[in-house]
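The next block holds one structure in the form of structure tokens; read it before the comments.
What follows draws every value from the coordinates through simple rules; no lab data is involved. Here the structure is a predicted model, which means the values were calculated and not measured. Cβ placement follows ideal geometry from the backbone for every residue including glycine, while neighbour counts extend to all protein chains displayed.
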Amino acid sequence: MSVPVKIIMIEDDEGHARLIERNIRRAGVNNEIMPFTTGTDAVKFLFEKANGGGSQDGEALLILLDLNLPDMTGIDILKRVKQDAKLKCAPVVVLTTTDDAQEIKRCYELGCNVYITKPVNYESFANAIRQLGLFFSVIQVPPTQS
Amino acid sequence: MVGALALRRFGSSQMVILSLGLAVLIAISAASIFFVYKSRDDADWIVHTVEVQNQIATVLLEIRRAESATRAYLLSPGPQFLSEYETASALILPAVDKLAELTSDNPFQVQNSIKLRQAIEKRMSEFARGIDRLKNNDVATSIDVLRGGDTGESVQAIVAISRTMRAEEDRLFALRNTSADRSQQLAAIVTTAGSGIVIALAGFSLMQVRRAFSARDNAERQLRENNANLETTVDERTADLREANDEIQRFAYIVSHDLRSPLVNIMGFTSELEELRGDIFRRIASKTAIASDGERAIEPVNEEPVLEGEDKKLSDEFTEALGFIKSSIGRMDRLIGAILNLTREGRREFRPEHIDLNEFLQGIVSSVAHQAAEADATIRIEALPDITSDRLAIEQIFSNLIDNALKYLKAGKPGDVLIRGRGKLGFAVVEVIDNGRGIDPKDHQRIFDLFRRAGAQDRPGQGIGLAHVRALVRRLNGTLNVTSELDNGSTFTVTLPINWTAEKRGKAA
């Protein structure tokens with residue numbers, strides 16, 4: 001069987017993180033979710049441990065990324081992930097409040113796999129996350145090992 | 001300012017110099033002409049004097065010739081001497097007459113010439129008598145006659161008179177010569193002095209011209225500097241404004257954006273609360289049911305619990321509170337969305353292109369045909385001018401105005417919306433006239449403010465449309481005005497430049 005996918009959630013707003021997690025769980029996705037509230041922590045985890053042959057080797061990662069982080073922009077993280085030899089195959093889902101067309105275009109250009117705008121309307125929000133959960137349950141993610 | 005004053009002063013002083021120069025030149029010319037005539041006169045008079053002197057000499061010479069011929073005839077009577085005498089004596093009187101004529105201008109000389117003539121006539125009669133005696137062979141008498149003449153009073157008189165006349169003419173000659181000299185000297189002095197004055201004036205004028213030139217150069221340099229300064233200042237201010245504008249745009253964008261984030265949470269957890277409420281009241285309901293029935297009633301999970309009394313009231317209050325929270329959040333979300341749209345619109349670059357307004361507005365009108373039919377309204381378009389402007393902005397301006405016209409019609413009265421326009425001094429004036437409910441004059445300013453509305457609040461809206469329209473019209477260098485009375489319809493007048501170019505607005509856009 002394939003390696004279980006670990007979800008890396010980079011989201012500074014703990015409320016959002018909680019809502020996202022809840023809705024993912026409601027969609028029946030039981031994968032491990034690792035939350036990070038700052039870009040720095042996430043980058044440290046992703047690159048230092050991964051590149052240093054840490055515990056992430058051989059793990060399949062899926063990254064849920066918010067663009068508005070207090071210490072750096074999600075775009076920078078996206079750029080680094082997609083430039084990294086090991087991580088570039090990991091799917092990145094940008095989940096953010098920004099619905100600016102330029103921003104969306106830029107994210108796709110940088111290699112983001114899915115871009116979702118967080119709607120204020122909770123029905124839509126929950127729906128989007130649940131569908132994302134369905135997506136998670138069927139997606140095939142290669143392990144980070146090269 | 002100083003330069004202009006100097007230039008004006010220069011102009012007037014230059015006029016004075018020029019007039020002075022002209023006056024001096026005229027004076028010199030007049031004096032020259034005067035002196036030329038005067039010296040010609042003087043010369044004439046000198047010539048005249050010389051002529052008179054000549055004539056006197058001629059007269060005397062002819063007398064001498066007659067005398068010598070008479071004497072020669074006396075010594076050796078020969079016909080050739082006689083004829084010579086006759087020739088000479090014939091010439092004497094005409095010469096005397098000529099002399100008299102020449103001296104006719106001078107009373108003194110006239111007197112003299114009369115005396116001279118008398119003396120000469122007397123002498124000539126002596127000659128004639130001598131010749132006569134000789135013809136009669138009376139040589140002795142003849143010699144007497146002639147000898148007497150030698151020392152006689154007639155000869156003396158002739159000599160004396162001719163000397164007086166000569167002296168007079170000499171005096172006149174000297175006088176006239178001096179006068180001619182003086183005239184020439186004066187002419188020379190006047191010409192020299194005049195030329196000197198003219199040259200001095202020209203020099204002064206040149207100096208003034210140079211001074212004025214340098215003043216003008218200074219003024220020009222100052223003007224250039226001022227212009228450069230002004231341009232720099234304008235550029236700086238424009239840059240400042242642009243920066244401030246960008247700052248506001250960024251600020252509005254970030255603020256509205258960041259406001260959204262907590263709103264997601266509020267909405268999310270409110271919805272979660274709603275779920276919880278369902279769970280809680282279902283549990284209460286089932287507990288009440290158990291208490292009353294004594295057996296466990298299994299409620300279907302997603303059904304509204306059946307509540308009574310206090311419980312029902314609590315549940316309703318809970319629902320009401322949640323409802324207010326959610327509707328407020330929805331409203332806030334729409335407002336934030338509107339601000340985001342406005343800032344996005346503010347950052348969009350406008351591109352001028354040619355628009356056939358008739359066709360363009362027809363397009364907008366047909367897109368709201370359904371809405372118009374529902375509102376029982378007709379929209380008429382009269383001839384409109386073509387303009388060059390930003391297509392999307394124009395579309396938003398007129399969509400909003402037409403939309404408003406259809407939205408705020410008077411109940412029970414068929415709507416009539418008229419769009420008409422005309423060109424005026426490079427501007428296109430387009431009016432959107434409706435017969436709707438109208439706007440109270442005290443609200444005319446307010447309706448253009450963001451998030452503000454007027455009149456009965458019976459239509460959905462955020463109070464953004466007109467604020468947006470006004471912002472767009474301003475960006476297109478136009479104006480937007482309203483004339484309206486309550487219950488009497490409204491007229492929105494959009495004035496836009498017919499030929500809008502992005503440059504007019506400058507880099508500030």
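Here are some notes:
- Hz values of 3J(HN,Hα) by residue in the stretch B:437-448 - Karplus curve (6.51, -1.76, 1.60), Gly and Pro given as x: 6, x, 10, 4, x, 5, 9, 4, 7, 4, 5, 8
- Antiparallel %, DSSP beta bridges [both residues in chain B], to 5: 80 percent
- Protection proxy ranking, highest mean first, for peptides B:266-274, B:365-373, B:447-455: B:266-274, B:447-455, B:365-373, where packing is the per-residue count of other beta-carbon atoms within 10 Å, averaged.
- Judged by the gyration tensor of its Cα atoms, with axes a ≥ b ≥ c, chain B is prolate; a/c meets the 1.5 cut and a/b is the larger of a/b and b/c.
- Note on chain B: dipole from Cβ charges, positive end direction compared against B:330, B:85, B:284; the farthest Cα belongs to B:85.
- With a simple spin-label model that places each label point 7 Å from the Cα along the Cα-to-Cβ direction, the separation between residue B:327 and residue B:32 comes to 10.9 nm.
- A Förster radius of 60 Å combined with the Cβ-Cβ distance from residue B:222 to residue B:367 puts the calculated FRET efficiency at roughly 0.50.
- Backbone HN-Hα couplings from phi across the stretch A:32-37 [Karplus 6.51/-1.76/1.60, Hz, Gly and Pro as x]: 5, 10, 9, x, 10, 9
- Nearest-ten-degree value, helix B:465-475 long axis tilted from longest Cα axis of chain B: 20 degrees
- Efficiency of FRET from Cβ geometry, residue B:486 and residue B:240, R₀ 30 Å, rounded to 0.05: 0.10
- Approximating the spin labels as points 7 Å out from Cα along Cα→Cβ, the residue B:206-to-residue B:189 distance works out to 2.8 nm.
- Positive-end residue of B:19, B:30, B:48, charge dipole of the stretch B:1-77 with Cβ unit charges: B:19
- C-alpha long axis of helix B:309-347 to longest principal axis of chain B, angle in °: 20 degrees
- Placing unit charges on the Cβ atoms of the charged side chains and taking the dipole of the stretch A:5-138 about its Cα centre, the candidate lying farthest along the positive direction among A:30, A:102, A:119 is A:30.
- Helix screen, chain A: DSSP H segments with Cα axial length of 15 Å or more and mean Kyte-Doolittle hydropathy at least -0.5 are A:122-138.
- Unit Cα scatterers, Debye sum, the stretch B:28-182: log10 I(q)/I(0) for q = 0.17, 0.19 Å⁻¹: -0.92, -1.06
- Chain B, relative contact order in percent, only Cα pairs under 8 angstrom and at least six apart counted: 11 percent
- Rounded to the nearest 10 degrees, the inclination of helix B:2-75 to the longest alpha-carbon principal axis of chain B is 10 degrees.
- Look at the alpha carbon pairs under 8 Å that are at least 6 residues apart: their mean separation over the length of chain A gives a relative contact order of 29 percent.
- Phi angles of the stretch B:406-412 translate, via the Karplus equation with coefficients 6.51, -1.76, 1.60 and θ = phi - 60°, into HN-Hα couplings of 6, 6, 10, 7, 8, 4, x Hz per residue; Gly and Pro are given as x.
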